[in-house]
Structures are given as structure tokens and as C-alpha cells.
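The values are calculated or read from the model by the stated rules, or taken from the named source; none is laboratory data. Nothing here was measured: the structure is a model prediction, and the numbers come from that model. FYI the Cβ positions are ideal-geometry reconstructions off the backbone, even for glycines, and counts take in every protein chain you see.
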Amino acid sequence: MTNKKNKKNKNKVLKEEKKTSQLKEIWFRLKKNKLAVMGLIILLILILIAIFADLIVDYDNVVVKTNMPERLQPPSGKHWFGTDEFGRDILARIIHGSRVSLSIGVIVVAISVFFGCLLGGIAGYYGGMIDNVIMRIADIFLAIPAILLTITIVAALGIGMTNLLIALVIANIPGYTRLVRAVVLSVKDVEYVEAARAIGLRDGRIIFKHVIANCMAPILVNATMSIAGTILSAAGLSFIGLGIQPPNPEWGAMLSGGRQFLRVAPHMVIFPGIFIIIAVLMINFVGDGLRDALDPKLKD
């Protein structure tokens, strides 16, 4: 009994060491990509700014409180990025807006990946009628342009943060469902899955622990890239008035508010636009680096 327990513990330790070794190898390959490292560093800075936004600048007294005597001020020592039409500091609003924009991207993609893995895993593993029903429903949604589908859902549900998240999630799930189904189909008949079936493991355990878990690389890379796309979609919806509503700070909403003052106060549009570009570009750099690091064909 003791020998059996020791053997089990030894196998567990070997698995953990193998996993650690794989993570180290991925990190080593990622570090070789200078753009990915730069993107990761800048992205971490933006995340830290979003997390500690309340400590950096006061929300009630600086971000949303109007100060009409200082409206439309250009960048200066007092207001590094200038002020908007209500005298609010643009830098402070960008800092708090980073919390909104980044959280939307992460939350939407996380929920979409979860449901995409669930539906795509079931469709790819079982096939037949279940596969046809799930994929035909996904095809119906995929036939509609994502931005148009999102606008339609938001218009139907009403304007608000929750409804915006629901609309973006619904628009993203079909793509992940198709992606996960494809990767499940590519590995569901390999030896280790057959072995898992032979020892009597439940289908749910096989799907998530042995099938999807062993083909997470394309899902992870696609999810990273999708965060950038989701941030752009949320900014676009806010720009046309269907996303985050004033006075809440969000980069797209700030662009929308500044467009009518473009001639007299271009800084109202320039700085939020720069941060959108930076966030999206850095996420794409990290996604490209992850793709190269996780692709076994690119091993030296």
C-alpha cells in the first residue's frame, strides 16, 4: 500500500516538473521576441494603472466633477493632457477609462472562451445531430457581421454596461465555438483520448481535461488577439453612443465627446486615441509572441 502511494506521489511530482519545464521553455521562447516583451511590459503597466486608478487620481473630485472655468484647456504642467469641455482632467479620465476598457476586453473574452469551449467541445466530441444543431446555430450568428450583431443586441436590450457585455459575448461565442470544435476534432481520436475512454472516464472529464486541455495553444492565442478586438468594438459602440455613457470615462466615449471640439481642442481626441492604439498594439504584440512561443513547429 505504501509503495503504491509513493509511486502515485512520484508520478504527481514528475507531472508537475514536466509542466514547469514546459512553462519555462515557453517563457524562454517568448523572451526572444523583443516586440512581445515590450508589449507585455507596457500591457502590465496599463493593467497596474487600471488596478490602482483610485489611488492615482480621485474619481469623484477629478474624473467626473465639472470645473467649467478650466474647460478646454490645452496640455500644461497642471493638466498634462489638457481638459475637456467640462473642465475635467483628460489624463485622469484616461487612467480610470483604462479600467473600463481593459476589463471589458478581459471579461468578454473570458466568458466567450468558456461557452465556446463548452459548446465547441460538445459539438466536436459527440458529432452527429448534436454537432449539426450547435454549428448551424453558430453559423447563423457568424453570417451576421459582428459589429452589426452587437449594435442590434444593444439596441434591443438598451444602453448600459451590462447589456454591452452581453452583446459582445453573444457576438464572440460562435467564433470560439467553431475554433474549439476544429481543435477537438483534430485530437479526439488520438491514443491518450482512447486510453481515457478505455479506463472508463466520464465524457465531461475527457473533453475538458484530455481534449481541450491539450490543444489550448490556438485557443489562448486567439483569445489574446480577441481582447484587442473587443476593446476596439467597445470603443466603437461607445463612440456612436451605444456603449458606456457619460460622465463615466471610457476611451471610445471620450473620443465621441471630443469630436465636436476637434478644431479648438484636438487634444480631447488625440490622447484617448493614442491609448486605444497603444493598448491594441501591445496586446497584438503579445499575441504574436505567444503564437510563436506555443507553436512546436517553431522550436529551434
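Side notes on the structure shown:
- Region 238-255, subset crowded, with 24+ Cβ neighbours inside 10 Å and not acidic (Asp, Glu), residue nearest to Tyr125 (Cα to Cα): Gly243
- Among residues of region 204-225 that are at pLDDT below 80, those with a Cβ under 6 angstrom from a residue that is surrounded by fewer than 19 Cβ atoms within 10 Å (Cβ to Cβ) and assigned to a helix (DSSP H, G or I), sequence gap 6+ or separate chain, pair up as Ile206/Ala196; His210/Ala196; Val211/Val187; Cys215/Val187; Ala217/Leu294.
- Taken over region 140-152, the criterion of being surrounded by 12 or more Cβ atoms within 10 Å (Cβ to Cβ) and within 28 Å of Gly124 (Cα to Cα) is satisfied by Phe141, Leu142, Ile144, Ala146, Ile147, Leu149, Thr150.
- Only one of the numbered conditions (1) buried (at least 22 other Cβ atoms within 10 Å of the Cβ); (2) not in a helix (DSSP H, G or I) is not met by Val264, and that is (1).
- Identification of helices (runs of 4 or more DSSP H) wholly contained in region 147-249 with 3 or more residues that are among the polar types (S, T, N, Q) and within 14 Å of the chain's Cα centre (by Cα) yields 216-239.
- Looking across region 104-144, just one residue is within 26 Å of Ile276 (Cβ to Cβ) and outside any helix (DSSP H, G or I), and that is Ile144.
- Among the residues making up region 44-96, those that are over 30 Å from the mean Cα position of the chain (by Cα) and hydrophobic (A, V, I, L, M, F, W, C) are Met68, Leu72, Phe86.
- Filter result (surrounded by 14 or more Cβ atoms within 10 Å (Cβ to Cβ) and either of a type in the set (Lys, Arg) or touching a Cys at 6+ places or on another chain (Cβ under 6 Å) (or both)) within region 198-210: none
- Candidate set: region 137-146, residues that are within 22 Å of the chain's Cα centre (by Cα) and in contact (Cβ under 8 Å) with a residue 24 or more places away in the chain; chosen: the one nearest to Val180 (Cα to Cα): Ala138
- When Ile134, Ile107, Ile122, Ile166 are checked against the criterion of being free of Cβ contacts under 8 Å to residues at least 60 places away in the same chain, out of contact with any Pro (no Cβ under 7 Å at 6 or more places or on another chain), within 24 Å of Val183 (Cα to Cα) and crowded, with 16+ Cβ neighbours inside 10 Å, Ile134 stands alone in meeting it.
- Entry remark, region 48-90: residues being over 19 Å from Leu255 (Cα atoms), of a type in the set (Gly, Ala, Ser) and not in a helix (DSSP H, G or I) number 2 in total.
- Gly97 within 20 Å of Leu168 (Cα to Cα), surrounded by 22 or more Cβ atoms within 10 Å (Cβ to Cβ) and modelled with pLDDT under 90: yes
- Leu35 at pLDDT 85 or above, in a helix (DSSP H, G or I) and surrounded by fewer than 17 Cβ atoms within 10 Å (Cβ to Cβ): yes
- Scan of region 80-94 for residues that are surrounded by fewer than 19 Cβ atoms within 10 Å (Cβ to Cβ) and either free of Cβ contacts under 8 Å to residues at least 24 places away in the same chain or among the aromatic types (Phe, Trp, Tyr) (or both), ordered by number: Trp80, Phe86, Gly87
- Among the numbered conditions (1) surrounded by 13 or more Cβ atoms within 10 Å (Cβ to Cβ); (2) within 30 Å of Val286 (Cβ to Cβ); (3) modelled with pLDDT under 90, the only one that Val62 does not meet is (2).
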